[in-house]
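The values are calculated or read from the model by the stated rules, or taken from the named source; none is laboratory data. Here the structure is a predicted model, which is why all the values come from computation and not from measurement. Cβ placement follows ideal geometry from the backbone for every residue including glycine, while neighbour counts extend to all protein chains displayed. Keep in mind that these areas ignore ligands, DNA and RNA; they rest on the heavy atoms of the full protein, side chains included. Shrake-Rupley method; radii C 1.70, N 1.55, O 1.52, S 1.80 Å.
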Amino acid sequence: MKLELKSGAVGYIDAGNGPAVLLIHAFPLNNTMWTSQIAVLSNRFRVIAPDIRGFGESQPASVWTMEEMADTINEFLDKLDVKDCAVVGVSMGGYIALVFWSKYPERVTQLVLSNTRARADNDAEKRARNDMIAAIEQSGVAILPDRMLPRLLQPNPRADVVRNVRSMIQTTSPDAAVYAVMAMRDRMDFSSMLHRIVCPAMVITGENDVIIRMEDSRAVADAISDARFITIPNSGHLSNLENPEAFNAALLSFL
Ligand code: MLT
């Protein structure tokens, strides 16, 4: 499905009926990373999964900030007539979910922050972002699978998961990838705002996540009063893809 927003066309999946659940994908993937969650959740919920600007079916790519992306999601929900929803974000999707909550808290009924962090990038991480931007500008997204797969997935990942993630990365446009890396590099620090989250919240970590370590996720959970903290076994950074059974069970029990 597609609709027109101020920033261009947004591609999205809208499946099922019931209370709305918004799923925001990770970098450098697209909304098909949620296939297994949508299959399960859409029996009880209205599940909405947009492609972030420039990814998947959302075109064209253009420069964005986290704050602008929160506004885009706000406009998107208006167009879909969704007053409020549970917001679930994995990694980059979690960065966006936090900014969305901070700008539009009345629209967030429940918050799920998976394999993500609240703090901003430190200097070394910003330098690594700049290296990645230069590499994509020089060689395109072809360099990303070898660079990212060993960190996105746990050691000895399932072959079908590797194939799926590789193909999502390879279909990403280089511009979309560069603009998203810039937005992640420049995002603000939300650590000191976490105590203001009053809606039910769940923080998810992957047992073998090397991009966002368990301690970082634990720190997010500890800073939110009453957040549920869940570790997904046998998974790295993309816990919803690597262990969908455990991820879906956690999500269903929380929602
Ligand atoms: C993601 O999975 O969305 C990204 O790896 C997050 C990041 O690079 O900070």
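Taking the criterion of being closer than 21 Å to residue 179 by Cβ and open to solvent by 10 Å² or more (accessible area, probe 1.4 Å), the residues of the range 25-50 that qualify are 27, 30, 31, 32.
Residue-wise test of (1) small (Gly, Ala, Ser); (2) within 12 Å of the ligand (Cβ to nearest atom); (3) surrounded by 16 or more Cβ atoms within 10 Å (Cβ to Cβ); (4) over 18 Å from residue 240 (Cα atoms).
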| residue | (1), (2), (3), (4) |
| --- | --- |
| 105 | no, no, no, yes |
| 108 | no, no, yes, yes |
| 112 | no, no, yes, no |
| 116 | no, yes, yes, no |
| 123 | no, no, no, yes |
| 136 | no, no, yes, yes |
| 145 | no, no, yes, yes |
| 154 | no, no, yes, no |
| 163 | no, no, no, no |
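Within the range 84-113, the set of residues being aliphatic (A, V, I, L, M) and assigned to a strand (DSSP E or B) comprises 86, 87, 88, 90, 108, 111, 112, 113. The single condition among (1) of a type in the set (Gly, Ala, Ser); (2) touching a Pro at 6+ places or on another chain (Cβ under 6 Å); (3) under 28 Å from residue 253 (Cα atoms) that residue 89 does not meet is (2). Here the condition is being closer than 19 Å to residue 32 by Cα, within 16 Å of the ligand (Cβ to nearest atom) and within 15 Å of the chain's Cα centre (by Cα); of 251, 238, it holds for 238 alone. Within the range 35-51, the set of residues being among the hydrophobic types (A, V, I, L, M, F, W, C) and in contact (Cβ under 8 Å) with a residue 24 or more places away in the chain comprises 38, 40, 41, 45, 47, 48, 49.
Within this structure, residue 43 fails the test of being over 30 Å from residue 140 (Cα atoms), assigned to a helix (DSSP H, G or I), out of contact with any strand residue (DSSP E or B) (no Cβ under 7 Å at 6 or more places or on another chain) and away from the ligand (no atom under 16 Å from the Cβ). Right, residue 65: open to solvent by 10 Å² or more (accessible area, probe 1.4 Å) and within 16 Å of residue 244 (Cα to Cα) or not? Taking the combined requirement at face value, the residue does not satisfy it.
Residue check: residue 181 meets all listed conditions (1) under 28 Å from residue 106 (Cβ atoms); (2) open to solvent by less than 10 Å² (accessible area, probe 1.4 Å) but one, namely (1). The residue that is most open to solvent (accessible area, probe 1.4 Å), among those in the range 68-83 that are part of a loop (DSSP other than H, G, I, E, B) and touching a residue at least 12 places away in the same chain (Cβ under 8 Å), is 83. Listed by first and then second residue, the pairs with beta-carbon distance under 8 Å, at least 6 apart or on different chains, first residue in the range 21-34 and at pLDDT 95 or above and within 12 Å of the ligand (Cβ to nearest atom), second among the polar types (S, T, N, Q) and assigned to a loop (DSSP other than H, G, I, E, B), are 26/91; 26/115; 27/91; 28/172; 29/172; 30/171; 30/172.
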